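Single-structure report; data block below.
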Amino acid sequence: MNKISLGRCLLQHWLDHRDMTQAEFARITGISPRMVSHYCNGTQKMTVEVLILSSLVLDVPMDKFYKYTSLL
C-alpha cells in the first residue's frame, strides 16, 4: 500500500489566485476566520469536508490543496 505525506497547504495560494481574502472565503464557506488562518498557516490540516467545500468554492481539484509526496 502506498502512503502519502501531506506537505504545505496551498489554500492561500488558491485564495490569492482567485483574488479572495481569507475573510471572504470564511464568510462564503461558513468556516471560522480563525480556522481559515490555521489552514493557510499550516497549523491545522483541512478535513475531507473542508477540502470538498474548498474545492467547490474555489473550483480547484481537492488534490491541489496540499503539496504531497508518495512514500513507496
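So here's what we get for this one:
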| item | result |
| --- | --- |
| Matching residues, region 43-56, being open to solvent by 50 Å² or more (accessible area, probe 1.4 Å) and in contact (Cβ under 8 Å) with a residue 12 or more places away in the chain | LYS45, LEU53 |
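Quick grid of which residues meet (1) part of a helix (DSSP H, G or I); (2) at pLDDT 95 or above:
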{"position": "ARG27", "(1), (2)": "yes, yes"}
{"position": "MET35", "(1), (2)": "yes, yes"}
{"position": "TYR39", "(1), (2)": "yes, yes"}
{"position": "MET46", "(1), (2)": "no, yes"}
{"position": "LEU53", "(1), (2)": "yes, yes"}
{"position": "LEU56", "(1), (2)": "yes, yes"}
{"position": "VAL60", "(1), (2)": "no, yes"}
{"position": "ASP63", "(1), (2)": "yes, no"}
{"position": "TYR68", "(1), (2)": "no, no"}
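The values are calculated or read from the model by the stated rules, or taken from the named source; none is laboratory data. Computed from a prediction, not measured in an experiment: that's the story for all the values here. We place every Cβ from the backbone using ideal geometry, glycine too, and count neighbours over all the protein chains shown. For the accessible areas, the whole protein counts, side chains as well, though only heavy atoms, and no ligand, DNA or RNA atoms are used. Shrake-Rupley method; radii C 1.70, N 1.55, O 1.52, S 1.80 Å.
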